[in-house]
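Each value in this text was obtained by applying a stated rule to the coordinates, not by laboratory testing. Everything numeric here is computed off the predicted structure, so don't read it as measured data. Using ideal geometry, Cβ is built from the backbone for each residue, glycine included, and neighbour counts are taken over all protein chains shown.
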Amino acid sequence: MGSGQMYLNPGVQTDSRLWFPILLWTMGVVGVVVGVVVGLYIIRKYRERKWGQCKSKRRMEGKIVVITGANSGIGKETARDLASRGAIVILACRNRLAALEAVRDIRTTTGDGDLIVMDLDLGDLASVRTFASKVLEKFSKIDVLINNAGVFIPPEERKKTKDGFEIHMGVNHLGHFLLTHLLLDRIQSTPSSRIVLVSSMLYKRGKIDFDNMDADKGWDKNERNQLYNNSKLANIFHSQELAKRLQGSSVGVFVLCPGFVYTGLMRYSAPKFNWIQKLCFAPIMFLFMRNAQQGSQTTIHSAVSEELDGVEWGFLRECKIDGLEEVAQDSVTAARLWDVSMTMVGEKTVGVAEGEGELVEEQGVVLEEEGVFVEEEDEEEEEEEEEESAGEDEGVLVDEGITLEDDDEEDEGEEPVVAEKEVSEGEPSEGEGEEAASSSAEEDDEALVDIGSLDDDKRLLLQHQDQKNSKSK
Ligand SMILES: NC(=O)c1ccc[n+]([C@@H]2O[C@H](COP(=O)([O-])OP(=O)(O)OC[C@H]3O[C@@H](n4cnc5c(N)ncnc54)[C@H](OP(=O)(O)O)[C@@H]3O)[C@@H](O)[C@H]2O)c1
């Protein structure tokens with residue numbers, strides 16, 4: 001008993017002496033954690049202020065915008081923003097279900113604009129051609145083309161497109177190259193139109209090796225993904241050569257880096273983290289990565305900003321025109337890549353003019369020695385065009401020369417259109433704009449039920465919803 005007391009008492013005394021340091025230690029730990037969290041938050045907010053933000057309030061009523069890869073990430077947020085400005089947005093996607101989900105999600109934040117889903121697989125040139133011909137058939141103008149879609153896949157997988165091109169070069173560059181080429185006349189005939197290419201700062205580490213376009217001879221293994229970098233450099237060269245050939249037209253060509261953005265881009269190559277690694281990675285993500293809405297700002301700026309009116313070409317970062325590294329200042333490679341790409345996508349390649357004063361003519365286009373394309377229209381063609389456009393004026397539609405042509409009945413079953421309607425005439429006044437916006441929302445919902453293959457689309461969505469619901473039960 002006595003010894004038990006002797007044994008217990010010192011313990012009780014020790015506990016009572018310890019509570020104060022334990023309290024201090026706990027407060028210290030909590031203080032450090034709170035300090036770190038607040039510190040990170042402040043740094044994050046500081047960084048966010050430095051990230052570019054599109055300040056333009058320009059409305060886009062009646063403008064037709066094509067966005068590739070608009071079902072997720074930067075493309076989806078761009079579609080959301082442009083729709084909220086009243087644009088008619090064509091979501092050019094390879095996964096219709098994901099695109100329809102994106103439309104549904106965009107509709108939770110805006111009733112403005114029209115959202116049209118059309119199938120496009122950039123890894124399949126036949127799909128690019130089908131898509132382009134449908135767009136040309138349905139729309140008599142294209143105000144903005146945004147080449148946004150992209151893949152980032154470990155090179156070791158040696159993935160190829162349907163046509164056998166290395167996947168990054170094939171999807172990120174060649175698919176967009178052909179798409180742009182096929183839509184170019186329509187874009188060019190649309191006043192003050194723009195072409196926007198989403199590249200990346202990783203272009204700096206890219207290299208265009210004409211003897212190894214398919215990477216069959218290997219690639220730099222020291223880079224995380226040399227083949228992605230190459231495709232992003234190709235985007236820059238494409239934009240430069242395009243702008244050069246469009247000189248003097250009213251088309252602005254802009255290529256950009258969106259910053260480091262938290263999207264699904266890395267889904268094929270992100271390491272499979274366990275929860276501890278995820279916890280360690282979280283602060284880095286929190287500090288350095290933008291969300292998709294923040295990451296879409298430079299794309300939106302390039303598509304709408306008044307600051308870029310009349311500008312023929314620009315490389316943009318943080319919503320500002322920026323300079324390019326030396327690796328991308330190589331007009332010879334840019335011109336050669338153009339020719340090589342034309343051949344790869346199966347379009348006629350234009351011969352390079354040799355000798356002074358020599359001109360090479362092809363498909364009604366004259367390539368001058370300096371490499372600038374000048375459109376040559378003979379009088380007959382002009383007359384024909386005038387007749388055609390007179391026909392359009394009388395005919396189906398509508399706003400500032402937009403013609404949403406009626407589908408052939410045959411086509412209707414196949415058309416991947418989600419929400420489509422006729423566009424009202426002219427730039428609406430403020431009041432009209434609001435009215436149009438709210439009626440647009442109602443009509444869109446109706447259109448979603450009524451148009452073309454929408455029954456299929458609705459079924460697809462509902463099925464998917466059912467699957468999700470049954471999984472969550
Ligand atoms: N995230 C960044 O940090 C970052 C940085 C610099 C540049 N970028 C560029 O930003 C652009 C957008 O990427 P993101 O970050 O928004 O990634 P994302 O969320 O993965 O979006 C990429 C989009 O491209 C689509 N796509 C992929 N392959 C396609 C194909 N063969 N045909 C048609 N569409 C295809 C995807 O469709 P599915 O959903 O069907 O796969 C998806 O909608 C890319 O060009 C990327 O290189 C991103």
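Structure notes:
- Percent RCO, i.e. relative contact order, over segment 135-216, from Cα pairs under 8 Å lying at least 6 residues apart: 43
- Coil-residue trypsin sites (Lys or Arg not before Pro) of segment 265-311, DSSP, other Cβ within 10 Å capped at 12: K272
- The modelled label-to-label distance between S133 and V30, using points 7 Å beyond Cα along the C-beta direction, is 7.0 nm.
- Across the cross-link table entries K57/K204; K50/K221; K141/K320; K134/K162, which are compared at the Cα atoms, the separations over 29 Å belong to K57/K204; K50/K221.
- Gain upon complete extension [E318, K204; 0.36 nm per residue less C-alpha separation]: 39.3 nm
- Positive-end ranking of P191, L279, I106 along the dipole of segment 64-347, with charges on Cβ about the Cα centre, is headed by L279.
- Segment 56-106, relative contact order [Cα under 8 Å, separation at least 6], %: 43
- Amide H partners (placed H, <5 Å) of I90, local residues excluded: V65, V66, I67, I116
- Peptide ranges 47-56, 334-343, 253-262, 314-323 listed from the most packed, as the mean C-beta count within 10 angstrom indicates: 253-262, 334-343, 314-323, 47-56
- The phi torsions of segment 102-110, fed into the Karplus equation with coefficients 6.51, -1.76 and 1.60 and a -60° offset, translate into couplings of 5, 4, 4, 5, 4, 5, 6, 10, 8 Hz, rounded to whole numbers, with Gly and Pro shown as x.
- At R0 = 51 Å, FRET efficiency that the Cβ-Cβ distance of S56 and L97 yields, to 0.05: 0.95
- By average C-beta atoms within 10 angstrom, highest first, the peptides 117-123, 29-35, 230-236: 230-236, 117-123, 29-35
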